[in-house]
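Notes follow once the structure below has been shown.
Every number here is computed from the coordinates shown, using simple stated rules; none is lab data. Model, not experiment: these values are computed from the prediction. Note that each Cβ is placed from the backbone with ideal geometry, even for glycine, and that neighbours are counted across all protein chains shown.
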Amino acid sequence: MTSATNVAWSFFDLLNQRRIDEAMERLSDSGTWWNVGPRTEIPMTSFKVSGAEIMKLMPMHFICHNSIADGDKVVLEIESQSPKPGGGEYNNRYCYVMEVRDERIQHVREYPDTKYAAEMLPPEAWQHEIGSWKRHHSRYWVSETNKSEEKCATTNECERADS
């Protein structure tokens, strides 16, 4: 692994060890986190709060299947596994495009399987995710086509694909 790849993977490795605060310290406060769901970026300081909260709701274990590095840019293909409170397992796949600078992760572009997340996350975790998107990605939620998502984010009355 390259130095940049080691820094990028160290974030997930620390999460695997449940050292959440140390993992969040790998993220630069001056950076940004972008997610394919709302397709907007938020300040890294905001992500640190919501990321730590979701890890407490869903203590995921991450597996790196592949990595590609070019200078300070790293792409990680990652799988998460977490027991669901009501039984079963949450098992999503992600692609993370990361920029590393000064031994810290400066920018992240996250590409999870959002359909799987909507269908398989436990309701409290999905409501947290949608609520976080609403708080941090407000411009995404203003169109008429997003009324049900907006209702979900503000009232926690969420319609799920399996309901």
Quick query: amide H of ASP113 versus all other amide H atoms, modeled in the peptide plane; which residues come in under 5 Å with a sequence gap of 5 or more or a different chain? ARG93
Tell me which of VAL74, VAL7, GLY37 sits at the most positive position along the dipole axis of the stretch 3-113, charges placed on C-beta atoms (Lys, Arg +1; Asp, Glu -1). GLY37
Quick P(r) readout (the stretch 34-85; Cα-Cα; 10 Å bins; whole %) gives 19, 38, 40, 3, 0
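Trypsin sites (Lys or Arg not before Pro), restricted to the stretch 1-98: which are DSSP loop and have at most 10 other Cβ atoms within 10 Å?
Details: sites: ARG18, ARG19, ARG26, ARG39, LYS48, LYS56, LYS73, ARG93; in loops: ARG18, ARG19, ARG26, ARG39.
Filter output for the stretch 1-98: ARG39.
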Using θ = phi - 60° and the Karplus form 6.51 cos²θ - 1.76 cosθ + 1.60, what ³J(HN,Hα) does each residue of the stretch 68-80 get, whole Hz, x for Gly and Pro? 9, 10, 9, x, 8, 9, 9, 10, 10, 9, 10, 10, 10
Dipole check, the stretch 1-108, charges on Cβ (K,R +1; D,E -1), about Cα centroid: among VAL97, GLY86, ILE63 the Cα furthest to the positive pole belongs to GLY86
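Looking at the stretch 1-106, which GluC sites (Glu not before Pro) are DSSP coil and have at most 15 other C-beta atoms within 10 Å of their C-beta? Let's see the in-between values first.
On the way: sites: GLU22, GLU25, GLU41, GLU53, GLU77, GLU79, GLU89, GLU99, GLU103; in loops: GLU103.
When the GluC sites (Glu not before Pro) of the stretch 1-106 are filtered for loop state and at most 15 Cβ neighbours within 10 Å, GLU103 remain.
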Computed label-point distance, nm, for sites THR45 and ILE68 using a 7 Å Cα→Cβ extension: 3.4
Vicinal HN-Hα couplings computed from phi for the stretch 94-102 (Karplus, 6.51 cos²θ - 1.76 cosθ + 1.60; Hz; Gly/Pro x): 9, 10, 10, 10, 10, 10, 10, 9, 6
Nonlocal amide H pairs with ASN35, under 5 Å, H built at 1.01 Å: THR40, GLU110
Percent of C-alpha pairs per 10 Å bin, the stretch 3-113, short to long: 15, 49, 32, 4, 0
Calc'd 3J(HN,Hα), the stretch 56-67, phi into Karplus 6.51 cos²θ - 1.76 cosθ + 1.60 (θ = phi - 60°), Hz, glycine/Pro = x, comes to 6, 6, 10, x, 7, 10, 10, 10, 8, 8, 6, 8
Would you mind checking which residues have amide H under 5 Å from LEU27's amide H? H placed 1.01 Å from N; only 5 or more apart, or other chain. ILE105
